[in-house]
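Take a look at the structure set out below.
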Amino acid sequence: MREHPTRLELERLSVDDLLPPLAEATRAHVSACVPCSALLDELSSSRERHFAVRPAGVFMDAIEARRNKRRWRWPLFALVPTAAAAAGLLLFVGQRPDVRMKGGGIDVMSRRGEVMHHLGPDDRISAGDWLGIAPVAGEKTLRSVWVVDASGRVDALTALADLPGSDTGVVHSAIVDAPCEDLVVLASGEEHWRQASDDALRTAARSPAPPSGLVVRRLRCR
Amino acid sequence: MTRDEVECAYKRYGHLVAARCRRIVRNESTADDAVQETFVRLWRFGDGFVAAESKVGWLYRVADRCCFDQLAKQRGRREDPIEGSRELAGPGHAGQALEDWQIVRAFLDRFDDKMQQVAVLHYVDEMTQEEIAVATGWSRQTVWKKLQLLATRAAALRGSLLGAQAGLRS
């Protein structure tokens, strides 16, 4: 039998995380115990101090940025294979005149382990896949590329490399997070889409027909 | 989980998670990193949290893991201790246990994952051997052996520190 509740029990009590029977017993003890009561008071004031320095809004912005950075991160160890994959994509686009600049579309290369292949319409993605994304659209260069996941999160992708020639666009890169979620890749070369809000991009991603000025590619998980 | 749900969890439990991380990693900025990582994981893997009987318990297990990861990243690099170590002690903390924890904590990154977990459950959560056995799924004998090993190492480290202090004085 313990003389006092554990610190963990007192911490749980302070946020109503104890099951009722234990909560009642702990409260009864605290009401008659000066050190435990003092610790509960200290927890209460430490809560106030904490949120004065780290308010919820600022904290949430920080972890959202961290989450986005992780999801579409550029791990250093991946730079060499990424560059190789970009070169492969360049060659692929270069060797396919029907794809290169005829109409609009988004070419996607997938690299998993040592295997790299072009993602066809029926191919699926998996968590951990590296994706090389090359939007192509006739005479226009699509420099704004976003990925919208099934949860509605929007990530703007950074260009990996310019492909040679003014009309061939750029390659963007992303790594599929775990667990895998279906993704919608959006690309545009128009200024008003570059300035678009996340809500507008989410709506565009859900739309069955691509809105004007946007090229859309849907990627489904295995 | 949605952003609003994560924010709600942070408002309710964030201060506890932050205090725990500070107790483990001994450095404000490293603790801040661990807290952020804990809530990123909550955002990504919130189903376990929603189903957990104890939300604090779930968050603490994740926070412990994040702290150990941070310590592993810093292996070989020593950090200054955080001021105000009295917050380590709950009402039931015996003096020797607190001293052992302070020594073990200073060298926590030198223990393997299981030893780290046992150390935190025993010294931070003040769990008994039986409670640790239930929490980890290990036998009580295994837990006892690990606690004995921790105590032995703490004693050896204490001896080394005292020896070093004596060497400095002479």
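The values are calculated or read from the model by the stated rules, or taken from the named source; none is laboratory data. Every value quoted in this text rests on a predicted model; they were computed, and no experiment measured them. As a convention, Cβ positions derive from the backbone with ideal geometry for all residues, glycine included, and neighbour counts pool all protein chains shown.
Results, tabulated for the structure shown:
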quantity: Selection status of B:GLY48, facing chain A (nearest Cβ under 9 Å), surrounded by fewer than 22 Cβ atoms within 10 Å (Cβ to Cβ) and in a helix (DSSP H, G or I); calculated: no
quantity: Residue ID - surrounded by the fewest Cβ atoms within 10 Å (Cβ to Cβ), chosen from residues in the range A:190-205 that are over 16 Å from the mean Cα position of the chain (by Cα) and acidic (Asp, Glu); calculated: A:GLU191
quantity: Residue list for the range A:46-60, restricted to those being within 10 Å of chain B (Cβ to nearest Cβ) and either farther than 30 Å from B:ARG3 by Cα or in a helix (DSSP H, G or I) (or both); calculated: A:SER46, A:ARG47, A:GLU48, A:ARG49, A:HIS50, A:PHE51, A:VAL53, A:ALA56, A:GLY57, A:PHE59, A:MET60
quantity: Hits in the range A:170-204 (condition: acidic (Asp, Glu) and either more than 20 Å from A:ASP107 (Cα to Cα) or at pLDDT below 80 (or both)); calculated: A:ASP177, A:GLU191, A:ASP198, A:ASP199
quantity: Given (1) loosely packed, with under 11 Cβ neighbours inside 10 Å; (2) touching a residue at least 12 places away in the same chain (Cβ under 8 Å), number of the condition A:GLU48 does not satisfy; calculated: (2)
quantity: So B:TYR10, is it within 10 Å of chain A (Cβ to nearest Cβ), over 15 Å from the mean Cα position of the chain (by Cα), part of a helix (DSSP H, G or I) and among the hydroxyl-bearing types (Ser, Thr, Tyr); calculated: yes
quantity: Qualifying residues in the range A:17-55 (those that are touching an Asp or Glu at 6+ places or on another chain (Cβ under 9 Å) and of a type in the set (S, T, N, Q)) - the one modelled with the highest pLDDT; calculated: A:THR26
quantity: Tally of residues being without any contact (Cβ under 8 Å) to a residue 24 or more places away in the chain, within 21 Å of B:HIS122 (Cα to Cα), more than 7 Å from chain B (Cβ to nearest Cβ) and assigned to a helix (DSSP H, G or I) across the range A:1-44; calculated: 3
quantity: Residue in the range A:169-179 that is assigned to a helix (DSSP H, G or I) and either touching a residue at least 40 places away in the same chain (Cβ under 8 Å) or surrounded by 19 or more Cβ atoms within 10 Å (Cβ to Cβ) (or both) present; calculated: no
quantity: When residues of the range B:13-30 are limited to those that are under 12 Å from B:ASP64 (Cβ atoms) and among the hydrophobic types (A, V, I, L, M, F, W, C), the one nearest to the other protein chains (Cβ to nearest Cβ); calculated: B:VAL17
quantity: Number of the condition not met by B:VAL17 [criteria: (1) over 19 Å from A:VAL58 (Cβ atoms); (2) under 13 Å from the mean Cα position of the chain (by Cα); (3) at pLDDT 90 or above]; calculated: (1)
quantity: Criterion: within 11 Å of chain A (Cβ to nearest Cβ) and either within 22 Å of B:ALA135 (Cβ to Cβ) or at pLDDT below 90 (or both) - qualifying residue of B:ARG41, B:ARG65, B:ARG3, B:ARG75; calculated: B:ARG41
